[in-house]
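Coordinate-derived values only; no laboratory data. The structure displayed is predicted, hence computed values, not measured ones. Note that each Cβ is placed from the backbone with ideal geometry, even for glycine, and that neighbours are counted across all protein chains shown.
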Ligand SMILES: *Cc1c(COP(=O)(O)O)cnc(C)c1O
């Protein structure tokens, strides 16, 4: 069998049934990622799925069915988690620019807010006070230490996220200042795309230590300590996936020692990319092949409009995601192909000089692997009015559409045609 399959279903069958471009998610791989960590991680640590990585409601429901909680960052993500069946006490809302509506929905729905500024704290207090209730709030701390080893640093330097540790330490009587807020713990998130076990362990230990110190100094109980996460997925040459056994072997004693001192504290880890990245493939069909000034191009029906991350994350040199010809084996002889999409910009390049069979031809399906996180949701899907691709979940050997492809009607549904009087000429 030379054709790529997902749980035994041929990619060409999926392409025929659902069309291309499409994202195909393999529930077994998502389950493997979740359970591989869950089974090894210290039992007192709760795993929260960050919907930001892939906000599809069925993906959220799948992870919740295995025991994941939900971390959300917009009203729609909150409603997604609620409709996926996640109960309020298993949802946390985080984000630097929360609206009045979002805060109100959390306060009314008993959802814990992770607060990112004093201004937000005042607004939460005002809203909760107005409703005659108390809001549950975890403070996001921007710690006074920085770490190396993340793909994108979110803490330990000037950032819009969280409240600077020093600023928190110089406050007095936060509880008295915000009487309708119940401060119940701390969160810190240092960055994303961590691929070094030691760095994650060190981060976690330092966050736990800071949470204890802040709790003592500010008199805030440690009901919740959220150590962030940012666990990475290897995409590029020279990167290596995290060794979950080695990671938990080092991490668990750190959590265990903390849990011994604070047996009532809910420990939280936030996981987006790590849970869903491996389990998704972006499949495009080649429309044209051409040569330009000595280079080969496979022009496909989908591109960076659905997969902006493939342009290269935080790097000036284009690095390719793992890519392969899916629909057949192809010739043993290979060539270097630029795999491009339908957009009218040279940046619409999924892969540059990718080694693929030399005989790539129109009708072939090419896949970008490890694409289950930050795919269409983090891409300019509206560019050229192409809209969202189809999303398909394969679960228990069955393929199901979990998001329909946009078409002209769905794309135009939210636009308003103003009627102009036609001028005589
Ligand atoms: C983006 C984000 C996450 C998820 O990050 P991953 O790297 O996908 O795991 C978790 N927490 C916060 C605060 C985030 O901003």
- Length gained when the stretch residue 295-residue 385 is fully extended (0.36 nm per residue, less Cα-Cα span): 29.5 nm
- Return the distance in nm (one decimal) between the two label points of a simple spin-label model at residue 108 and residue 377, each offset 7 Å from Cα along Cα→Cβ. 2.4
- Could you give the angle, 0 to 90 degrees to the nearest 10, between helix 27-38's Cα long axis and the longest principal axis of the Cα atoms of the chain? 30
- Task: Measure nothing but the geometry: give the 0 to 90° angle between the long axis through the Cα atoms of 197-218 and the longest principal axis through the Cα atoms of the chain, rounded to 10°.
- Result: 30
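Give the shape of region 1-42 as rounded, prolate or oblate, defined through the alpha-carbon gyration tensor: a ≥ b ≥ c are the square roots of its eigenvalues, a/c under 1.5 means rounded, and otherwise the shape is prolate if a/b is larger than b/c and oblate if not.
The shape class here is prolate.
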- Note on the structure: In whole percents, the bins of 5 Å from zero upward hold the Cα-Cα pairs of region 294-364 as 3, 17, 28, 26, 16, 7, 2
- Note on the structure: In this structure, the FRET efficiency calculated for residue 167 and residue 133 from their beta-carbon separation, with R0 = 22 Å, to the nearest 0.05, is 0.25
- Query: Gap in Å between the Cα centre of region 34-51 and the Cα centre of region 66-129?
  - Reply: 21
- Expected 222 nm ellipticity per residue - DSSP helices of 4 or more, -39500 (n - 2.57), all of the chain, to 500: -8500 deg cm²/dmol
- How many nm is it between the label spots at residue 396 and residue 44, if each spot is 7 Å from the Cα in line with the beta carbon? 3.7
- Query: In degrees from 0 to 90, rounded to the nearest 10, what is the angle of the helix 100-109 Cα long axis to the longest principal axis of the chain?
  - Reply: 70
- Using a Förster distance of 51 Å, the FRET efficiency for residue 118-residue 249 (Cβ separation, nearest 0.05): 0.80
- Query: GNM on the chain, C-alpha springs below 10 Å: top fluctuator among 152, 275, 350?
  - Reply: 152
- Message: Given R₀ = 51 Å, what would the calculated FRET efficiency be for residue 2 paired with residue 414, taking r from the Cβ atoms and rounding to 0.05?
- Response: 0.75
- Note on the structure: Subtracting the Cα-Cα distance of residue 159 and residue 237 from 0.36 nm times their residue separation yields 25.1 nm
- Note on the structure: Stokes-Einstein, Kirkwood over Cα pairs, the chain, 4 °C, 1.567 mPa s; D in µm²/s equals 56
- Mind checking the full-extension length gain between residue 99 and residue 423? Use 0.36 nm per residue of separation minus the Cα-Cα distance, one decimal, nm. 112.3 nm
- Message: Let me understand region 26-275 better: what is its radius of gyration from the alpha carbons, and its Dmax, in angstrom?
- Response: 17.3, 55
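Would you kindly work out the equivalent ellipsoid of region 63-192 from its C-alpha gyration tensor and give its semi-axes, the square roots of five times the eigenvalues, largest first in whole Å?
Numbers: eigenvalues 109, 90, 25 Å².
Ellipsoid half-lengths, sorted descending, are 23, 21, 11 Å.
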- Rounded if a/c under 1.5, otherwise prolate or oblate - region 338-425, Cα gyration tensor axes: oblate
